[in-house]
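The values are calculated or read from the model by the stated rules, or taken from the named source; none is laboratory data. Note that the structure is predicted; figures quoted are calculated from it, not measured. Neighbour counts run over all protein chains shown; Cβ positions are idealised from the backbone, glycine included.
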Amino acid sequence: MAELRVEGKQIKKLLTIAKRQPISFGFNPANPDENGYLALHRKKTPTVLGKAARSEGDGPKFTFGTASLKGKLLSLTCERDIPSLAKKVKKYLKSQKVVLNIEILDADGNLLDSDIEDDLPDDPDLEARDGDQEIADGDDNDDDDSDTGPVVDTKALTQRLVALKPEIEAVQGDIGAKLQKAFANTVGQVKSGNLDAAATGIDRLEAALAKISANTAQDSTGTPAPNAKDQIQKLVAVLKKLKGEADGLADADARTNVSAMIGQAAEHLRAGDASQATTALTRIRDAIVEARKAGSPTPEQEDTSDTENPADIWIDAKGEADASLGPLMSHLASSTDPNLQRIARFGLNGVTKGNNTALMAALMGYNSASGDARAQRAKDVIAQIDAYSSFLASDPIIALCEDNPFGQTVSIRAPLTKALKRMKTSLAA
């Protein structure tokens, strides 16, 4: 593969071409500035240079697009935005003895960022001369037919897909449906080995999400998405129900212990952490059950003591699936991407569409109910079981986790599907 990275005088030679026509670029800023990665090319596409910047650069972020030079102003039309990009490009170019003003434009030509100062020194090397076109063509190494761009890494594509999933799920309406369809197609391309097409698809998904960032799962202020808010509200209702049951416990020590646990669960809910809150509520429910067993059981408790608790079935199965996911998630733990870190930390809760939280909320509501209300709660649980079963059967990320490129054996659908069937049978008894 031809070397796409350019430095020093190579940059100046190609920028003289950018005075006459836009040329493609890829950029990956790094610290210190001189370690940044810049690719420039007259013929190759911006996407190819973007892939090179991403895979060969030292920094975690990259961008790509087209570059045009007018006088001392370098205009970069970018497919991806990076904060303070103009300043970063200017510092990198200065480290290469290329002194220019910088402006950053989006795909529609809108100004995003700039770093402009007066009285920049003239640079005779940036004046177009006869023969510069041929020199630049020679630097492009277009006679190397084997150069098809950077080798596409299956593992890297998988990580990017996993990171995109929660953002795509947060987009509502017709746009969200289109993104999810495109996402599923891209997952299929990775699994079938059509990696070039998959890489292009991921680039397009990332660009689309950048334009509709207001609809992502979490905005810049940290406000949870509407679906997350709904789940938190459901868990708050469960917590209130459990608190009422805890207040009715006969054992004073048990009441004190459970009250402390309720306080911890409330902290998780205030922080918007549905996963940790769900775990805390499950422990509270178990503590209440144990406290009741230690006292005199009511007739209703005696009638149900031999019935298999669906919550226990699910917790055991989820623990098995999480343990199976562990080795795979460890590959993501070292990532700097917050979405990948979230998946590595929360396991199944990081790859599902809120199904775990919704199911656990329904199960705890069922265990907290009695009489006619319990029968209705059972219907709620069955509805969540059906939704979760459909999710397991169709979700592309679950399939990709089980058929992953890291060589890890992962079993998610088998234990969870078996548990869901057992739970449904138990509730119907």
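A few remarks follow.
- Yes/no for Thr298 being at pLDDT below 80 and not assigned by TED's automatic domain parsing to the domain that holds Arg422: yes
- For region 23-32, residues that are within 16 Å of Gly57 (Cα to Cα) and outside any loop (DSSP other than H, G, I, E, B) total 4.
- Whichever residue in region 194-217 is among the β-branched types (Val, Ile, Thr) and assigned to a helix (DSSP H, G or I) and, among such residues, is modelled with the highest pLDDT: Ile202
Here's the yes/no breakdown for (1) loosely packed, with under 13 Cβ neighbours inside 10 Å; (2) among the hydrophobic types (A, V, I, L, M, F, W, C):
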position: Ala361; (1), (2): no, yes
position: Ser368; (1), (2): no, no
position: Phe391; (1), (2): no, yes
position: Ile398; (1), (2): no, yes
position: Cys401; (1), (2): no, yes
position: Asn404; (1), (2): no, no
position: Gly407; (1), (2): yes, no
position: Val410; (1), (2): no, yes
position: Thr417; (1), (2): no, no
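- Selection count, region 45-83, where residues are free of Cβ contacts under 8 Å to residues at least 40 places away in the same chain, under 25 Å from the mean Cα position of the chain (by Cα) and under 22 Å from Lys19 (Cα atoms): 3
- Test: residue in region 307-319 that is surrounded by fewer than 21 Cβ atoms within 10 Å (Cβ to Cβ), at pLDDT below 80 and of a type outside the set (Val, Ile, Thr): yes
- Single residue of Ala250, Ala323, Ala260 found to be surrounded by fewer than 13 Cβ atoms within 10 Å (Cβ to Cβ), modelled with pLDDT of 70 or more, outside any helix (DSSP H, G or I) and of a type outside the set (Val, Ile, Thr): Ala250
- Filtered residues of region 363-397 (kept if in a helix (DSSP H, G or I), out of contact with any Lys or Arg (no Cβ under 7 Å at 6 or more places or on another chain), under 22 Å from Arg413 (Cβ atoms) and of a type outside the set (Val, Ile, Thr)): Leu363, Ala383, Gln384, Asp386, Ala387, Tyr388, Ser389, Ser390, Ala393, Ser394, Pro396
- Qualifying residue in region 373-382 (condition: under 27 Å from Gln159 (Cβ atoms), crowded, with 20+ Cβ neighbours inside 10 Å and at pLDDT 80 or above): no
- Given (1) without any contact (Cβ under 8 Å) to a residue 40 or more places away in the chain; (2) more than 23 Å from Asp123 (Cα to Cα); (3) in a helix (DSSP H, G or I), index of the condition Ala86 fails: (2)
Residues checked against (1) outside any loop (DSSP other than H, G, I, E, B); (2) over 18 Å from Asp106 (Cβ atoms); (3) out of contact with any Gly (no Cβ under 6 Å at 6 or more places or on another chain):
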| position | (1), (2), (3) |
| --- | --- |
| Glu7 | no, yes, yes |
| Lys12 | yes, yes, yes |
| Gln21 | no, yes, yes |
| Glu34 | yes, yes, yes |
| Leu40 | yes, yes, yes |
| Gly50 | yes, no, no |
| Gly65 | yes, no, yes |
| Leu69 | yes, yes, yes |
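- When Gln21 is tested against (1) surrounded by fewer than 19 Cβ atoms within 10 Å (Cβ to Cβ); (2) in contact (Cβ under 8 Å) with a residue 60 or more places away in the chain, just one condition goes unmet, and that condition is (2).
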